[in-house]
């Protein structure tokens, strides 16, 4: 473990840093130690004059600076100002000038105050209590004990407005499921390539693409499996980049399980939106719906904390909106894609992300500080139940709509180049007449029937 240097210059720098962050007591202790270690350090005495409380101590510090450097302009100006303030005080209020003695620092090995059986040479640079490497917490101004860290945090958090804390002030989770999802997508893509190609319609259907005719036959699981399929390497790379950029941050903030719930539900709602709009004409694959759900969750988080994150939050929300609009425009023009999955995933991700956004507060009911997440998955279990119920209801409505007899009777009027009826082996043919009822064509089992019009 690397320790901080202990020469006078380093102590002065640490003391200046402590004063800058508002820890005056710590700054005073460090600068006093610096003057004790190097009594001729002009900078240490000058900095100490800025953090001591009494005017007498300030006058002694400035006098010491002028003793070491008689022409020091800042010390001369400071001493004049201190003398003026002292002369304006009644004589009864002018205490005796005494020379401040720096605190005595214990030397030699000691035992950690939290682990009495562990011998250590480390000490908290704020309270001087001995601490072992396990307890020592490194800060910009040196090592501190857990008690001092908690005391400083309590003083900061007690000033939190409306009782809510910024989640960035908490220790964020370590991403796990983002990497699992990236690995699953890559593994399924490799399996598809080995089976015959990820751009092969037959392979896509076999691996579980979101294909309307088979969903209407009862294969509802395709709404889930299609989230892990990708059509071509470019499709996989773009989705993986988006998942990594937004997924890692959202999993760290929301926690692993909330993140996974939102990812999966948003992906399912994206697949459902596509099927509900296109019905038997639906044929798509990809994790875009779930990834746009993560983007919607990102937008929801920065909306919930819009008052605490200020300009940074506004820039993030603006960036997310621009990204969503650009992708939708490209999806309808240059790079045709399943925009209904994008829209459905984004809306679901925003709603779920808003409901499950972490909302931390502090419980001061006992002597120790305890963080409470009022939007944890355990407390907001009803969000998962309600989301699942809405998905089931939406699927039932879409399935009922497209399965209705009056809807099926319109299939014969559909232009044949809009969709392909795919089951297994491909049979291709061109038609140059409108007299044939395409939907009356009966293919054999396990066949793909691809019909195009001249």
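What the table below lists for this structure:
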{"read-out": "Candidate set from the stretch 227-238 (those that are without any contact (Cβ under 8 Å) to a residue 60 or more places away in the chain, in a helix (DSSP H, G or I) and touching a helix residue (DSSP H, G or I) at 6+ places or on another chain (Cβ under 7 Å)); member that is nearest to residue 391 (Cα to Cα)", "value": "228"}
{"read-out": "Residues being touching a strand residue (DSSP E or B) at 6+ places or on another chain (Cβ under 7 Å) and either outside the structural domain of residue 48 (by TED's automatic domain parsing) or modelled with pLDDT of 75 or more (or both) - total across the stretch 3-32", "value": "1"}
{"read-out": "Meets criteria (part of a helix (DSSP H, G or I) and modelled with pLDDT of 90 or more) for residue 331", "value": "no"}
{"read-out": "Residue that is touching a residue at least 24 places away in the same chain (Cβ under 8 Å), more than 25 Å from residue 279 (Cα to Cα) and within 26 Å of the chain's Cα centre (by Cα), where the choices are 246, 189, 224", "value": "246"}
{"read-out": "Criterion (at pLDDT 95 or above and either outside any helix (DSSP H, G or I) or over 28 Å from residue 197 (Cβ atoms) (or both)) met by exactly one of 309, 265, 323", "value": "265"}
{"read-out": "Tally, over the stretch 371-389, of residues that are in contact with a helix residue (DSSP H, G or I) (Cβ under 8 Å, 6 or more places away or on another chain) and closer than 18 Å to residue 273 by Cβ", "value": "2"}
{"read-out": "Residue 46 vs. criteria in a helix (DSSP H, G or I), in the same structural domain as residue 86 (by TED's automatic domain parsing) and crowded, with 23+ Cβ neighbours inside 10 Å", "value": "no"}
{"read-out": "Residue among 364, 342 that alone is surrounded by 13 or more Cβ atoms within 10 Å (Cβ to Cβ) and at pLDDT 60 or above", "value": "342"}
{"read-out": "Options 110, 160: the member that is at pLDDT below 65 and at negative phi", "value": "160"}
{"read-out": "The stretch 249-280, residues that are within 22 Å of the chain's Cα centre (by Cα) and under 20 Å from residue 331 (Cα atoms)", "value": "266, 267"}
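The values are calculated or read from the model by the stated rules, or taken from the named source; none is laboratory data. Keep in mind it's a predicted model, so treat the numbers as computed, not measured. In this analysis, Cβ positions are derived from the backbone assuming ideal geometry, glycine residues included, and neighbour counts consider all displayed protein chains.
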